[in-house]
Each structure stands twice: as structure tokens, then as C-alpha cells.
Amino acid sequence: MAPACSRTNSLHVAVIGAGAAGLAAARELRRETHSVIIFERGTQVGGLWVYTPQTEPDPLSLDPNRTVVHSSVYDSLRTNLPRECMGYRDFPFVPRNDDASRDPRRYPSHREVLAYLQDFAREFKLEEMVRFETEVVCVEPEGQKWKIQSRSSDGIFKDEIFDSVVVCNGHYTEPRVAHVPGIDSWPGKQIHSHNYRVPDPFKDQVVVVIGNFASGSDISRDITGVAKEVHIASRSNPSETYQKLPGSNNLWLHSMIESARKDGSIVFQNGKVVQADTIVHCTGYKYHFPFLNTNGYITVDDNCVGPLYKRVFPPALAPTLSFIGLPWMTLQFFMFELQSKWVAAVLSGRVMLPSEDKMMEDVTAFYAKRDANKLPKRYTHKLGECQVDYLNWIADQVGAPPVEHWRAKEVHGGHLRLATQSDTFRDKWDDDHLILEAYEDFLRQKLI
């Protein structure tokens, strides 16, 4: 455990965002006796899990002056991991059998996740801390404190001073778009998955989907029910890749696109050519903090946010500025909770951070290891196989138990099924013994 001291501070803390990360942060901060205000530009808690049929006027979301829609959730979305391993540690994500409107499936819909977050906010009385329909316009240092300028729904600006700011604004709003040679003269339509909701607009079309991870796989299969053909382009595949995928008679997997031509054709690296109507970019998102002014100290370089100690604290601005929820390919809600416990304990003085120099040494060593392993900068915040070590390190800082055996096994198996059984993984599994272990754990702790 990190060094601790008996001194405790009660600070005035701003949390930006009332999604899953912001709710976890607010709860842990209040548990440490901090006073908290959550800024939320939407009308309810839930962040990206608040579904809306509305999309942005620019289908690729490249226009910096566009009207931004926060959510990227599509109508058919279900979770990528089993519900019992997804939830906050002391508030399990279990079926609500007393409510017929709820989704009891192990891999439930986005509506069930939103309902769970609403339950969490209600249980811990978090909504009383939220300023809804209030957008954070600017966050900048003010001496040893932080000045936040916000704008209410009626256009009124307000400046306030806080001791600390916790950034929880999510990272599924600013799309990354693939570079395709010749795309400027290609006559078809393009859309990013951020603006995908339902398959109906693709009826009878030939569609090329770029990207074959979670959203790419989901959206491809969603579209096959109405489209003439769907072709997936994936840069992780060998150049000769060409195969018909199981579960549909109109779905093919290719290597990456070689070029787009002005006659409407798409040429893949495997030599195959298709006449396509639409390209759907399922190519991920950029970290984006348009409100944050740190005089250039915090940068986003090829989707690497830095410098950050353990992906949370910027050394020169710690501990009063922190980020919750940047890592991906991990147990998101569980990680939000642990990161929030760490931030809250550091701010109260119960847990100490290393010196600025020591934190920067750690960041530099982390980047050196990343570069030595030839990982692109855009994978800096990917956890994957190292997630349990990362989560256990933070747990140790705050004296929390390590990741449970069943939870670690479930997430590993869940990611494996996602990668190898993309058409069936949400409805077929072979780890019922882990479900039993999880529920026995919940019962033992009297959590259900």
C-alpha cells in the first residue's frame, strides 16, 4: 500500500461528466468527505449509455463546428462482457427479476446498463450533486486551484473556483476515421459508427465496414439483415485474407482497403474488388478535452494522453487534476471505481503520491517500454492482458482487495470469445462455474 498520513483534507471538487466514471468518482470523493459538484451537459445520468436516435449532421463527425451528439450507442447494442464481472464491486450488476421491463440476459442491452447506472445513482443519492444541462467550457489553473467556466442550457456563463478537478468526460464522441487512398474522388457515402443507430438506411446496399473489433463486428452483422452484401476490411488481417463468415450468407472478411476509385469500386489488399455504396468507419475514437487549458502541459499525441502517472495523474499538476477512465479493453466500471478510490484518498491526504520527479521517471520508463515493444502510441492506454496487474496495483494503493479470481477469468474468457466467436459469444458460453462463483461471492458479502 502507498504511504499514508493521518491528515485528512476535505476539498471542493469538480467532476466533469455524470456517466459511469463520473458517478463512481463522485461517490468515492464524497466517501472521503470532499464536497462534490458534477457537471453534466445532458439531462440525465448515464453518459454514453443514454441512447438517442439523433445523429450528427456530419456523418463522419469531422466538422469542428458541428452539433455534437455525445452518445455512440446503436439500437441493437449489447454488452461485450458478462454482466456479473462488469459492475462496481460493491453494487453487482445482477438481473432485477422484480421488474419485468428489465433485461435479465447475461449480455444485456444498453438499456439495461443505463438502468443499472440509474439504480447506482439512486442508491447512493448521487443525482443531488449533478448540475444537469451544464456544459464545461473551460478548465484552467488559478493559482493553486482551478477555475471552471460553465454554460447552462439558457446560455448563462458562470465562473467558479475548485480545489480539484476530476475529468470523466468519456472518450467515445470524437471519431477517428481511417485513411483510404483515393477516398476524396470516391463517389459513395461514408459514415462513422458514432452516427450509426439502425440498419434500415443500408437496405439493398453493398457496404464496406472498416474495423472488425467490437462495434465493427456488431454493426456488420446488424447490417447483413438488410444489405445486399457486407465486406469487412481489417488492418490486423494478413493481406491475402478473404473468407465468408459464419452466420450470414452475405458477409465477407478481407484485409485492409488498398484504394478507393472514382468509379465507385473499393480495392482490397487481397486483390478483391467490390462496387460499394457506403463505407462505415468502425475505427474508434480520439481522446478529446476541448475545455482543458493546461498551457500545453497535457497533450494528446496519436491518442496518447500525457504525461500521466499510472494513466491518472499529470505529474506537474497532481493531485489536483486527474483523469478517470482513460484505459480501454478492461473492466471499465470496476476500473472507474478503483481509480476513483485512489484519487479520492490522495486528495484527502490518506494516500501519498511520489514526488513529481519520481512520477515523471515512471512515465518515461513506461513510454520506453511501450516503444521497445514497438507498440504504436495509440495503444498507450490499452490494457488487455495487463489489466489485472494494473487494477491490482491501484487496489494495493488504497488497501482494497485484488481482482477476484472469477472476475479475472470471466473477463479473459469474455475477450477470447469476443475475438473467436463474434456471432455467438453473447448467447453461448462454457463458464457457468464462474457465474456460480461470482454469485456465491456476492452472497457471502451480502451484496445481493
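Here are a few things to note about the model shown:
- Ranked packing of 367-374, 18-25, 319-326, 87-94, most packed first, by mean Cβ within 10 Å: 18-25, 319-326, 87-94, 367-374
- Straight-line cross-link reach from LYS147 at under 20 Å between alpha-carbon atoms covers these aspartates and glutamates, not counting any fewer than eight positions away in the same chain: GLU40, GLU133, GLU135, ASP159, GLU160, ASP163.
- Across the stretch 185-198, computed HN-Hα scalar couplings (Karplus, 6.51 cos²θ - 1.76 cosθ + 1.60, θ = phi - 60°) run 9, 6, x, x, 8, 10, 8, 8, 4, 3, 9, 8, 10, 9 Hz from first to last residue, x flagging Gly and Pro.
- Rg over Rh for the stretch 237-334 works out to 1.17, both radii taken from alpha-carbon positions and Rh defined as the Kirkwood radius.
- Among ASP362, ASP99, ASP218, residue whose mean-square fluctuation peaks in a GNM of the chain (springs only between Cα atoms under 10 Å): ASP99
- For the stretch 125-223, the list of chymotrypsin sites (Phe, Trp or Tyr not before Pro) that fall in a loop by DSSP and count at most 16 other C-beta atoms within 10 angstrom reads PHE132.
- A simple spin-label model places the labels of ASP90 and HIS405 2.5 nm from each other, with each point 7 Å out along Cα-to-Cβ.
- Pairwise FRET efficiency - LYS272 versus ALA419, Cβ, R0 = 25 Å, nearest 0.05: 0.60
- Listed by chain and number, the aspartates and glutamates whose C-alpha is less than 19 Å from the C-alpha of LYS262, apart from same-chain residues fewer than 8 away, are ASP184, ASP277.
- Straight Cα distances below 21 angstrom link LYS369 to the lysines LYS310, LYS358, LYS377, LYS382, with same-chain residues fewer than 8 positions distant left out.
- Simple spin-label estimate for ARG66 and SER101 gives 3.2 nm between the two label positions (7 Å along the Cα-to-Cβ direction from each Cα).
- Largest mean-square fluctuation among SER234, SER109, SER259, in a Gaussian network model of the chain whose springs join Cα atoms under 10 Å apart, belongs to SER259.
Laboratory data are not the source of any read-out in this text; all were calculated from the coordinates shown. These numbers come from a predicted model, not from an experiment. Counting neighbours? That spans all protein chains shown, and the Cβs are built from the backbone with ideal geometry, glycine included.
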